[in-house]
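Below you'll find the structure I mean.
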Amino acid sequence: MTATILVVDDEPDLEALILQKFRRQVRDGLVSFMFARDGLEALQSLEAHPHVDLVVSDINMPRMDGLSLLAKLQEFEDKKSTIVVSAYGDMNNIRTAMNRGAFDFVTKPIDFADLEATIDKTLRHIEVLREARRRQVEAERAHASLSRYFSPALAKRLAASVGDGTEVTWRDVAVIFTDITGFTSLVETAAPELLGELLNEYVAGMTDVVFAHEGTVAKVIGDAIEVLFNAPSDQPDYATRAVACARELDAWGEAFRERWKARGVNFGATRIGVHAGPALVGNFGGSRFFDYTAYGDTINTAARLEAANKFLGTRICVSATIVNAVENFMGRPVGDLVLRGRSEPLRAYEPLSAASFGAPAASQYGEAFARLEAGDGNAMPAFAALVGSHAEDPLANFHLKRLLNGAKGVRIQLE
């Protein structure tokens, strides 16, 4: 790449002398020179040719001297590196020039070997600055993209070294899938501006909750959100984080519904599925589009668990794989779900708050479920008593209806 140098000096013979001394570099395409007689002419040349890489300027010139030119150059968005030229005895002006941002200086009469060395050094400095700016722009772009997926601290770290942790690889992850009940109907009936406000507030709030737990937002598709834990960075407690995040997402979603219900908008409940296992994780967007996401049976199972809530009457459904990895899990068993696309059943649970987990109803449910699992004929009256005293318990009601319809055991076939 040819470096363009603007020489600013009012001495008439200097142009020919410089072109002669640097003829080899000019011939080889290493440098090209432009010339101006004073500061004003230099500014006009820079306006017409903003690609100039380096300015070499005398200090003492008519109309606008080199110090005034230097001050103007510092106002440029792309500040030009400058070498000042002056008599050795004029050190006060040279010192002023350096304080105003000049990169280096040479003295008159000009030693062209010294000038060449100084120009080479300055051009190397310019290249270092440009590379730093390029990397900064690249990091800012990467950060803007990564901020869609990762918490601010993690996005900043990844942006500093794009590709670190985002390459496609198999990882053990915990996956959260969320969806909103009745969202399709809402889309068909709500005004566009209302729907935009609703969805933007909802996604922003849910994302804030995910980032607070240091999760990764792998996908947002309409009202559905896919969240990963233990990717891209290791999180030994990823299952615990996933359950805590799921419960907080549920609480936030319910509070969001109540706020909009007060405004006359019937926003659906957020259904959540959580599973853990191996998945293919990384950037699947290639070099042109950053798309950090995950694929595999683990992801599909989390999505199936989310959908299972519709039939169970629950809002959160987590797999035994998750529960077994969480210390002191608080929740209750749902049953052995046979999910679509799977031949083997998967034990599922409903997480509970500390207050609900310690309430008498949780113990009653546990006893009724144990009877159901054991094939005890007293399971039906146990669930009936629970529903009678806690009519708001959809899961207990679900099991009672199954028993009334002749179902046995805890194996639940889902479409």
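Dipole of segment 168-219, Cα-centred, from +1 at each Lys and Arg C-beta and -1 at each Asp and Glu C-beta, to the nearest 20 debye? Could the numbers behind the result be given before it?
On the way: 2 positive and 8 negative charges, 50 e Å.
Dipole size: approximately 240 debye.
Per residue, how many Å² of accessible area does the chain show with a 1.4 Å probe?
Averaged over the residues of the chain, the accessible area is 50 Å².
What is the angle, in °, between the Cα long axis of helix 379-389 and the longest principal axis of the Cα atoms in the chain? Nearest 10 is fine, range 0 to 90.
Between helix and principal axis, roughly 70 degrees.
Right, another one. Working out 0.36 nm times the residue gap between L129 and E77, then minus their Cα-Cα distance, what length gain in nm do you get to one decimal?
17.3 nm
Rounded, prolate or oblate, given the Cα gyration tensor of the chain, with a/c below 1.5 counting as rounded?
Values: a/c = 4.35, a/b = 3.54, b/c = 1.23.
Cα axes put the chain in the prolate bin.
Shape of segment 306-415 from its Cα gyration tensor (a ≥ b ≥ c, root eigenvalues): rounded if a/c is under 1.5, otherwise prolate when a/b > b/c, or oblate? Let's see the in-between values first.
Numbers: a/c = 1.58, a/b = 1.08, b/c = 1.47.
Oblate is the answer for segment 306-415, as a/c is 1.5 or above yet b/c matches or exceeds a/b.
Going by average Cβ density within 10 Å per residue, which order do the peptides 378-389, 102-113 take, highest to lowest?
My ranking of the peptides, most packed first, is 378-389, 102-113.
First compute the accessible area of the chain with a 1.4 Å probe, then give the percent of it belonging to carbon and sulfur atoms. If you can, show how the numbers build up before the last one.
On the way: 10820 of 20930 Å².
Of all accessible area on the chain, carbon and sulfur atoms account for 52 percent.
Still on this model: How much FRET efficiency would the formula 1/(1 + (r/R0)^6) give for K121 and T189, where r is the Cβ-Cβ distance and R0 is 56 Å, rounded to 0.05? The partial results should precede the final answer.
On the way: r = 70 Å, r/R0 = 1.24.
So the FRET efficiency works out to roughly 0.20.
Would you mind calculating the gained length between R263 and K219 on full extension (0.36 nm times residue separation, minus the Cα-Cα distance), in nm to one decimal?
Numbers: separation 44, 0.36 × 44 = 15.84 nm, distance 2.90 nm.
Extra length available between R263 and K219 comes to 12.9 nm.
What nm distance separates the two modelled labels at N99 and M1, each placed 7 Å from Cα along Cα→Cβ?
Between N99 and M1, the label points sit 3.4 nm apart.
If you count only protein heavy atoms and use a 1.4 Å probe, how large is the accessible surface of L199, to the nearest 10 Å²?
40 Å²
Rounded, prolate or oblate: which fits segment 254-331, taking a ≥ b ≥ c as square roots of the Cα gyration tensor eigenvalues, rounded meaning a/c under 1.5, else prolate when a/b beats b/c? If you can, show how the numbers build up before the last one.
Working: a/c = 2.47, a/b = 1.29, b/c = 1.92.
It comes out oblate by the Cα gyration axes.
Filter K72/K108; K79/K121; K310/K401 down to the pairs with a C-alpha to C-alpha distance above 22 Å, please.
Working: K72/K108 24 Å; K79/K121 17 Å; K310/K401 15 Å.
Check vs 22 Å cut-off fails for K72/K108.
Please report the accessible area of M91 (heavy atoms, 1.4 Å probe, ligands and nucleic acids excluded) in Å², nearest 10.
Approximately 80 Å² of M91 is accessible to the 1.4 Å probe.
In a Gaussian network model over the chain where Cα atoms closer than 10 Å are linked, find which of A294, A303, A191 has the largest mean-square fluctuation.
A191
Calculate, for D111 and S32, the FRET efficiency according to 1/(1 + (r/R0)^6) with r their C-beta to C-beta distance and R0 35 Å; round to the nearest 0.05.
On the way: r = 22 Å, r/R0 = 0.63.
After rounding, the FRET efficiency stands at 0.95.
Now a separate question. Show that you can apply the helix-only estimate: for the chain, add -39,500 (n - 2.57) for every DSSP H stretch of four or more residues, divide by all residues, and state [θ] at 222 nm to the nearest 500. Provide the component values of the computation, followed by the final result.
On the way: 16 runs with 198 residues, N = 415.
Only helices count here, giving -15000 deg cm²/dmol.
The values are calculated or read from the model by the stated rules, or taken from the named source; none is laboratory data. For clarity, every value in this text was computed on a predicted model and none was experimentally measured. So basically every Cβ, Gly included, is an ideal-geometry build from the backbone, and we count neighbours across all protein chains shown. Heavy atoms of the whole protein, side chains included, go into the accessibility calculation; ligands, DNA and RNA do not. Shrake-Rupley method; radii C 1.70, N 1.55, O 1.52, S 1.80 Å.
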